[in-house]
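Participant: I'd like to ask some things about the structure below.
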Amino acid sequence: MFNKFFIKKKKENIDNKGILLTALLIHAAKIDENYTNAEKEIIKKAIINLNIVESDKVEELIKQAEKKEQDSNQIIDFTKEIKKNPMNYRIKIIEILWKIVYSDGTSDGYESNLIRRVCSLLYVSDKDSGAIKLKIQNSKFKKIK
């Protein structure tokens, strides 16, 4: 009896991982109070590239994650599953966050603070985050030229 309960619970958590990660990305997009289509597109591409869901299920996942993000008041809920992954995956998440932040060309204090807090929760160093930030800034600058 107990085995069935625990197996079912684990299955639910697997689906919840994608929602939590997507909610974190949405939270980053909304933190400057300007959730744009460009940010939503970055999130959709990231979800597909990370093999969270197939492209035909992205919209449904986004809707669920938007609700989760709206109902939550702590980023710790969003990061607890991510930090169980290898460092290269966690760094990839930070890179996606910086892409979302710089999708409008600038980074404000709230956005930078969020990424610092997420890095701390994911055990990603300031040095790694700074290198990713520069990489994203430079790629944005090259596209503008």
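The values are calculated or read from the model by the stated rules, or taken from the named source; none is laboratory data. Because the structure is predicted, anything quoted here is derived from the model rather than measured. Backbone-built Cβ (ideal geometry, glycine too); neighbour counts: all protein chains shown. Side chains included, ligands, DNA and RNA excluded: accessible areas come from the protein's heavy atoms. Shrake-Rupley method; radii C 1.70, N 1.55, O 1.52, S 1.80 Å.
Participant: For segment 68-87, which residues satisfy the criterion of being surrounded by fewer than 13 Cβ atoms within 10 Å (Cβ to Cβ) and assigned to a helix (DSSP H, G or I)?
Facilitator: 70, 71, 76, 84
Participant: Looking at segment 34-50 only, could you name the residues that are part of a helix (DSSP H, G or I), in contact (Cβ under 8 Å) with a residue 40 or more places away in the chain and more than 16 Å from residue 19 (Cα to Cα)?
Facilitator: Passing the criteria: 38, 39.
Participant: Hey, another quick one. Just to be sure, is residue 38 more than 17 Å from residue 91 (Cα to Cα) and buried (at least 21 other Cβ atoms within 10 Å of the Cβ)?
Facilitator: Values: more than 17 Å from residue 91 (Cα to Cα): yes; buried (at least 21 other Cβ atoms within 10 Å of the Cβ): no.
Criteria not met by residue 38.
Participant: Kindly check whether there is at least one residue in segment 94-113 that is open to solvent by less than 30 Å² (accessible area, probe 1.4 Å), assigned to a helix (DSSP H, G or I), among the aromatic types (Phe, Trp, Tyr) and within 14 Å of residue 24 (Cα to Cα).
Facilitator: Looking through segment 94-113, at least one residue is open to solvent by less than 30 Å² (accessible area, probe 1.4 Å), assigned to a helix (DSSP H, G or I), among the aromatic types (Phe, Trp, Tyr) and within 14 Å of residue 24 (Cα to Cα).
Participant: Quick check: is even one residue across segment 66-77 among the polar types (S, T, N, Q) and more than 21 Å from residue 22 (Cβ to Cβ)?
Facilitator: The initial filter retains those residues of segment 66-77 that are among the polar types (S, T, N, Q), namely 70, 72-74.
Filter once more, so that each one left must be more than 21 Å from residue 22 (Cβ to Cβ): none.
No, segment 66-77 has no match at all.
Participant: Here is a further query. Which pairs turn up if I take residues in segment 53-66 that are open to solvent by less than 100 Å² (accessible area, probe 1.4 Å) and look for partners that are of a type in the set (D, E, K, R) with beta carbon separation below 6 Å, at least 6 apart in sequence or on another chain?
Facilitator: That search, which allows pairs on different chains as well, returns 58/44.
Participant: Being more than 22 Å from residue 81 (Cα to Cα) and out of contact with any helix residue (DSSP H, G or I) (no Cβ under 7 Å at 6 or more places or on another chain) is the filter here, so list the residues in segment 113-140 that pass it.
Facilitator: Keep residues of segment 113-140 that are more than 22 Å from residue 81 (Cα to Cα), which gives 127, 130-131, 133-140.
Within segment 113-140, 127, 130, 131, 134, 135, 138, 139 meet the criteria.
Participant: Take residue 31 and tell me if it is in contact with a helix residue (DSSP H, G or I) (Cβ under 9 Å, 6 or more places away or on another chain), over 17 Å from residue 17 (Cα atoms), open to solvent by 30 Å² or more (accessible area, probe 1.4 Å) and aliphatic (A, V, I, L, M).
Facilitator: Spelling it out, residue 31 is indeed in contact with a helix residue (DSSP H, G or I) (Cβ under 9 Å, 6 or more places away or on another chain), over 17 Å from residue 17 (Cα atoms), open to solvent by 30 Å² or more (accessible area, probe 1.4 Å) and aliphatic (A, V, I, L, M).
Participant: Within segment 116-138, can one find any residue that is of a type in the set (Lys, Arg) and open to solvent by less than 80 Å² (accessible area, probe 1.4 Å)?
Facilitator: Checked segment 116-138: at least one residue is of a type in the set (Lys, Arg) and open to solvent by less than 80 Å² (accessible area, probe 1.4 Å).
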